[in-house]
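Accompanying notes for the structure given below.
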There are 2 protein chains.
Amino acid sequence: MDIDRWGPRPVYEQVAEAIAGEITAHLRPGERLPAEDALAARFAVNRHTLRHAVDHLVARGWLERRRGLGTFVCDRPLDYPLHSQTRFSETIDAIGQGHSHGTRLVRLATQAADAEVAGVLGLRPGNTVWRIDTLREIDARPATVITHWLPLEPLPELGLRYRGGSLHACLRDAYGFAPRRSWTRVAAQLPTAEEAALLLAPRQLPLLRLRTLNRDGEAGIALEYAVARTRSDRLELRIEH
Amino acid sequence: MDIDRWGPRPVYEQVAEAIAGEITAHLRPGERLPAEDALAARFAVNRHTLRHAVDHLVARGWLERRRGLGTFVCDRPLDYPLHSQTRFSETIDAIGQGHSHGTRLVRLATQAADAEVAGVLGLRPGNTVWRIDTLREIDARPATVITHWLPLEPLPELGLRYRGGSLHACLRDAYGFAPRRSWTRVAAQLPTAEEAALLLAPRQLPLLRLRTLNRDGEAGIALEYAVARTRSDRLELRIEH
DNA sequence: TAGTGGTCTAGACCACCTC
DNA sequence: AGGTGGTCTAGACCACTAC
């Protein structure tokens, strides 16, 4: 794998390809790559250029960096999504058989609704809403971080009554509501620093971003606006038509 | 917006936040940002540090770089409602009103099915299939690149009969099929070099990756397996429940 | 030609992890 | 302590776009 330093293709791209080739040829999931200095020396490029190349492989889910430890080949390269063992679920509430899962409460507070939240929930910007952040884990590894916003008045003392677990179950059992999805918007996005920290995800790993409005019954009041950020290397979205 | 150079937060992160704040406060979609040199001077950071900050905003779909021209604030993404019957052009019509759109044929060939394609279409690996790559544009800017795989036998001379435009219309009108979505899988992924080139997208911009199986009627033969890679800064997916 | 973003090199220091 | 990745600075040159 030689680097053409005067051709039209950037050096970092060629280096990334060379490393990708070595991964598929020689390296197994979990194995450590040589240190950045060593790799930079091997390809005779600057360490920054090498890092740029590795950035792309990290972003595509081939490699994972651990500060102080090294750079490692990921368990499950994203390139073989069909072999992925992850269960899909449209709701992300029902994660399936054979994989342990749990929900951890990260934050529970009231806050002033911004324009987006207020618009969706049918409130005025500045109105106070519940804000709940939860982290969902699959096989003891974080997969999704969800921020829920709920109107204050129909849900008195939610801060006391919700103690983790299924939020929808709480809305049903404690308040008699019947939350149903009204719509869902899906986008792809890189994580913020906070999201990356919660998900233990590299900054370059794209996340699926699902924004969902839940109403009470078919066309009742807006009950909950949720923004879920999911590592799509851990969980894919599947829609049955 | 001051930069704390000795705190725990990286400078580039603070710069990114500062720029994001200015975007929401002052700048409108399509407007140009000051040049990198100027911004670097304003925040008193090196141009590389500034670029690192802008990288994140580009990746999140806030900004778009055009070499030789400058860095621009992105438009808000459009919605892509997903129903069993929706096709892309109908969707744009629905969004319609003021957005032009078109489909460009990038490639049309036969090729041997790999394991994934064969599995989905119910063929054997190595069987010959049609492969069609199309590029969809909104407002004259590429938004989605789609690769379609179709079985060879039920669709003789597809290479001659399909000349661009709606593939589903061709399946209906030329062959009498009634293609319907069977399922869709959604993931987030960074672009390959080829995808980035076709979409004129930065390498850091995550794409929505939709894989769809279309059957003839409700449970007929597998007609088409399509993998669509979409700039989610241009087109969002919306699911009505 | 002038201005823009894209890439590469060089050197330095820091934060984190293991031993 | 020693090795790893993370960040920042500095300077240079290139490729693309508009005029």
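The values are calculated or read from the model by the stated rules, or taken from the named source; none is laboratory data. Just so it is clear, the model here is predicted, and its values are computed rather than measured. Because the Cβ atoms are built from the backbone with ideal geometry, glycine has one as well, and the counts that use them run over all protein chains shown. Side chains included, ligands, DNA and RNA excluded: accessible areas come from the protein's heavy atoms. Shrake-Rupley method; radii C 1.70, N 1.55, O 1.52, S 1.80 Å.
Quick notes
- Look at the stretch B:190-210: where a residue is more than 9 Å from chain A (Cβ to nearest Cβ) and hydrophobic (A, V, I, L, M, F, W, C) and a partner is open to solvent by 40 Å² or more (accessible area, probe 1.4 Å) and within 14 Å of DNA strand C (Cβ to nearest atom), sitting 6+ places away or on another chain with Cβ atoms under 6 Å, you get B:A196/B:R203.
- Residues of the stretch A:198-228 satisfying the condition of being of a type in the set (S, T, N, Q) and touching a Leu at 6+ places or on another chain (Cβ under 8 Å): A:Q204, A:N214
- Scanning the stretch A:220-236 for residues that are assigned to a loop (DSSP other than H, G, I, E, B) and away from chain B (no Cβ under 12 Å) gives A:G220, A:I221.
- Pairs with Cβ under 6 Å, 6+ apart, first in the stretch A:103-121 and not assigned by TED's automatic domain parsing to the domain that holds A:H168, second open to solvent by 70 Å² or more (accessible area, probe 1.4 Å) and part of a loop (DSSP other than H, G, I, E, B): none
- Test result for B:L199, aliphatic (A, V, I, L, M) and either more than 14 Å from the chain's Cα centre (by Cα) or not assigned by TED's automatic domain parsing to the domain that holds B:E116 (or both): no
- Condition met for B:R141 (open to solvent by 40 Å² or more (accessible area, probe 1.4 Å), in contact with a His (Cβ under 8 Å, 6 or more places away or on another chain) and in contact (Cβ under 8 Å) with a residue 40 or more places away in the chain): no
- When residues of the stretch A:43-61 are limited to those that are touching a Leu at 6+ places or on another chain (Cβ under 9 Å) and farther than 11 Å from A:Q204 by Cα, the one nearest to DNA strand C (Cβ to nearest atom): A:V45
- Positions within the stretch A:211-225 being buried (at least 23 other Cβ atoms within 10 Å of the Cβ) and not acidic (D, E), in sequence order: A:N214, A:L223, A:Y225
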